[in-house]
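> Here it is: the structure, laid out below.
Where a number appears in this text, it was derived from the coordinates with a stated rule and is not lab data. Given the structure is predicted, the values throughout are model-derived calculations rather than measurements. When we count neighbours, we look across all protein chains shown, and the Cβ atoms used for this are built from the backbone with ideal geometry, even at glycine.
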Amino acid sequence: MTAQDELQALIAQLAYFDHENHTDVAEELTDTVVVIRTENLTQDEARELLEDRLEMMKLNSILEKDEDIRLVQSIISKLPGLLFG
Amino acid sequence: MRAAVLLSVVLLSGCASLSTTSFDAVEYNHWVQVSHIAKHAADACGKPEATVAVSIVAQQVELAALYSDLKIANPQIGKGAAIMSNLATELRDRYLKETPSTAYCKLKLELIDVGARRIAESLSKKET
């Protein structure tokens with residue numbers, strides 16, 4: 001599976017999560033990924049921003065259960081490596 | 001006469017607890033200021049004054065978070081305050097080590113702005 005395929009699979013997993021929980025987590029992370037690419041952020045900046053997005057989701061009570069937070073955390077942890085190859 | 005004064009003192013001290021609302025205008029104002037300062041600090045991103053601007057944002061967040069943290073009232077606000085502190089501190093510390101990209105600076109300050117608004121909105125719901 002290529003890095004792109006893996007990323008798409010992760011986004012699909014998030015989309016299912018959003019469907020089940022009526023949230024927009026996938027859209028928010030996708031927006032962040034687009035910004036990372038178009039603004040040429042460094043890998044470190046990308047990692048930090050993705051972590052910040054997770055914190056804001058917790059602040060807004062979009063993610064409350066530990067298992068949900070772990071799911072998004074696991075995806076966020078993979079994204080910088082996939083984006084920067 | 002003395003009994004009347006004593007009675008009024010007792011009644012008034014009792015009324016203090018009855019009239020207390022859970023809305024704290026000082027706390028609300030702190031977070032509104034954080035939002036305002038963060039929003040306008042973004043204009044400095046990519047310019048030499050950015051380091052000072054983000055330091056001011058971090059100080060304002062630190063003040064607001066300290067106030068919220070010292071209150072006994074709301075652990076949820078305390079959690080939000082801690083998140084905001086981490087965001088602001090990270091940006092300030094990053095500027096001490098390097099010059100982040102303009103986009104990163106603006107995105108970070110936008111998150112602080114939005115987060116502070118969120119906390120202020122939560123606090124305003126207690127207003128009676």
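> Using 13 Å as the cut-off for backbone N distance, which residues of the stretch B:78-95 belong to the label zone defined by a point 7 Å from the Cα of B:SER55 along Cα→Cβ?
Output list for this probe position: B:92-95.
> Another question, if that's okay. Mind jotting down a quarter of the surface of the convex hull over the alpha carbons of the protein assembly as shown, in square nanometres, one decimal?
Across all orientations, the protein assembly as shown yields a mean hull projection of 15.6 nm².
> Separate question: Over all directions, how big on average is the projection of the convex hull of the alpha-carbon atoms in the stretch B:17-128, in square nanometres?
6.6
> Just from its helices, what would the mean residue ellipticity at 222 nm be for chain A, if runs of 4 or more DSSP H residues each count -39500 (n - 2.57) and the sum is divided by every residue, rounded to the nearest 500 deg cm²/dmol?
Theoretical 222 nm ellipticity from helices: -27500 deg cm²/dmol.
> If N is the number of residues in the stretch B:65-124, what value comes out of its Cα radius of gyration divided by 2.2 N^0.38 Å? Let's see the in-between values first.
Numbers: Rg = 13.0 Å, N = 60, 2.2 N^0.38 = 10.4 Å.
After normalising by residue count via 2.2 N^0.38 Å, the value is 1.25.
> Given a Förster distance of 25 angstrom, what is the FRET efficiency for A:VAL35 paired with B:ASN29, based on the Cβ-Cβ distance and rounded to 0.05? List each step's numbers first, then the result.
Values: r = 31 Å, r/R0 = 1.26.
Efficiency for this residue pair is about 0.20.
> Distances longer than 21 Å among the Cα atoms of chain A: what percent of all pairs is that?
24
> Same structure again: So the label point goes 7 Å from the Cα of A:ASN60 along Cα→C-beta, right? Which residues of the stretch A:4-40 then have their backbone N under 11 Å from it?
Under cut-off, by backbone N: A:23-29.
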